[in-house]
Amino acid sequence: MALMSVYDTFWSEWFWLPENVTWKHLENKEDGIYYPQTRDLYIPFVLAFVVFAIRKCFESFIAKPIGLYFGIKDGKPKVVQPNSALENSYKVKKFPSEETIKALEKQTDLSERQIQRWFRMRRNQERPSQMKRFTEASWRFFFYFNIFVYGVAVLWDKPWFADSIQCWIGYPKHHLSSGVFWYYMIEISFYWSLMFSQFMDVKRKDFWEMFAHHCATIALLTFSWCGNFVRVGTLVLCIHDAVDYWLEAAKMAKYIKAQRLCDVLFAIFGVVWFITRLVLYPTKIVYSTLFYAHPIVGWGPAYFVYNGLLISLQILHLFWTYMIGRIVWLQVRSKEVTDIRSSDEEEVSEEDSSRNGSGDRKQTNHVNNSVSK
């Protein structure tokens, strides 16, 4: 009884639906009209494993051969010779100070150059290979580009694609076509797969911001499905997918050392980001939900929760815009587009100068910060 009470409270029509609308109005019948059902949300859980399997096959049999063709090394970084004194110092600080190096010289009978080289090799052991970065970027490019094309094809003839007020006229009795249905299912499954794989993928500077983004996106998609805010949800997805593949393409160009192409793609990414995340998203979606929706469908708890999720995404957009601006400024100063969202592997050479090794890395690490969706 208690469980049923919690269930009834959670699915209260007062919370989810406008006045004079009940769940019975949204039951599917044999009339060709389909409304979203909560049981549909089991599909993305299963589909997420399929997406992950496809990803692994794509990375192994398509992305990796492409990377090898362009000369990306697939080898693991060199393993340092075990040294307890250096290892203990490394655990305290990965970039040793001049004082620390002098103290280690006395403890280990190694030269300053040898100690600097050991620390560089030790840092590289914890960094993912260029091939891993390339295959991950390739998979994301492949998915984002194809899902964007699919989304535009599905939405092109839909009235709300050009006029967001159509997201609310007739709400919540909005028929769900098969194309829109699978567009939503695939997108939710992709973000579920990212939630799991993020802990195995290349660790980024904005790891927790990305984790929060995935959580907010899944919550937004799930909530919009339950309340049949699907029309707005499809616009959110299309706007996000329009920019992501440019970023991944820029990364791929960098990894294959096509620097000029990387610069061009990153510039396009910046322009598309500004148009989609700072112009279209707030003016076409957030503005629509804040000012168009309530005169048509009325006020309600679900309306406020949904708006809160949309606004939280906009806050993340502003955060990443700041990060992009910072990266662009550093790129203008260094005249080079660095890896977006991660640090490069450090070169290890017997000819490395110990002084250049510490000073230059501070500048490089400063530039190698990341920005993403």
**Fill in**
Within segment 274-299, residues polar (S, T, N, Q) and touching a helix residue (DSSP H, G or I) at 6+ places or on another chain (Cβ under 6 Å) come out as 276, 288, 289
**Request:** Among the residues of segment 268-291, count how many are small (Gly, Ala, Ser) and without any contact (Cβ under 8 Å) to a residue 60 or more places away in the chain.
**Result:** 1
**Asked** What number of residues in segment 9-37 are over 16 Å from residue 187 (Cα atoms) and part of a loop (DSSP other than H, G, I, E, B)?
**Response** 18
**Message:** Tell me yes or no: at least one residue of segment 71-90 is of a type in the set (A, V, I, L, M) and at pLDDT 90 or above.
**Reply:** yes
**Request:** Filter segment 58-72 down to residues that are open to solvent by less than 70 Å² (accessible area, probe 1.4 Å) and of a type in the set (A, V, I, L, M, F, W, C), then give me how many there are.
**Result:** 3
**Residue check for residue 11: touching a Phe, Trp or Tyr at 6+ places or on another chain (Cβ under 9 Å) and at pLDDT 85 or above** = no
**Message:** Take the conditions farther than 30 Å from residue 22 by Cβ, part of a helix (DSSP H, G or I), among the aromatic types (Phe, Trp, Tyr) and out of contact with any Ser or Thr (no Cβ under 6 Å at 6 or more places or on another chain) and apply them to residue 225. Does it pass?
**Reply:** no
**Request:** Give the residues of segment 116-126 that are open to solvent by 40 Å² or more (accessible area, probe 1.4 Å) and either among the charged types (D, E, K, R) or in contact with a strand residue (DSSP E or B) (Cβ under 6 Å, 6 or more places away or on another chain) (or both), sorted by residue number.
**Result:** 117, 126
**Residue check, residue 65 over 27 Å from residue 168 (Cβ atoms) and at pLDDT 95 or above** = yes
**Request:** Sort out which residues of segment 155-188 are among the β-branched types (Val, Ile, Thr), over 23 Å from residue 46 (Cα atoms) and assigned to a helix (DSSP H, G or I), and write them in order of number.
**Result:** 165
**Message:** Can you tell me which residue is nearest to residue 132 (Cα to Cα) among those in segment 256-299 that are out of contact with any Leu (no Cβ under 7 Å at 6 or more places or on another chain) and open to solvent by less than 20 Å² (accessible area, probe 1.4 Å)?
**Reply:** 262
**Message:** When you scan segment 265-287, do you find a residue that is touching a Gly at 6+ places or on another chain (Cβ under 7 Å) and polar (S, T, N, Q), even just one?
**Reply:** no
**Prompt:** Does segment 204-218 contain any residue that is of a type in the set (Asp, Glu), open to solvent by 10 Å² or more (accessible area, probe 1.4 Å) and closer than 24 Å to residue 315 by Cα?
**Reply:** yes
**Item:** Residues of segment 127-141 satisfying the condition of being open to solvent by less than 20 Å² (accessible area, probe 1.4 Å) and either modelled with pLDDT under 90 or not polar (S, T, N, Q) (or both)
**Value:** 131, 133, 134, 136, 137, 139
**Asked** Which numbered condition trips up residue 100, out of (1) open to solvent by 20 Å² or more (accessible area, probe 1.4 Å); (2) within 30 Å of residue 60 (Cβ to Cβ); (3) among the hydroxyl-bearing types (Ser, Thr, Tyr)?
**Response** (2)
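The values are calculated or read from the model by the stated rules, or taken from the named source; none is laboratory data. As the structure is a computational prediction, the values presented were derived from the model and not from experiment. Note that each Cβ is placed from the backbone with ideal geometry, even for glycine, and that neighbours are counted across all protein chains shown. Ligands, DNA and RNA are excluded from the accessible area calculation, which covers all protein heavy atoms including side chains. Shrake-Rupley method; radii C 1.70, N 1.55, O 1.52, S 1.80 Å.
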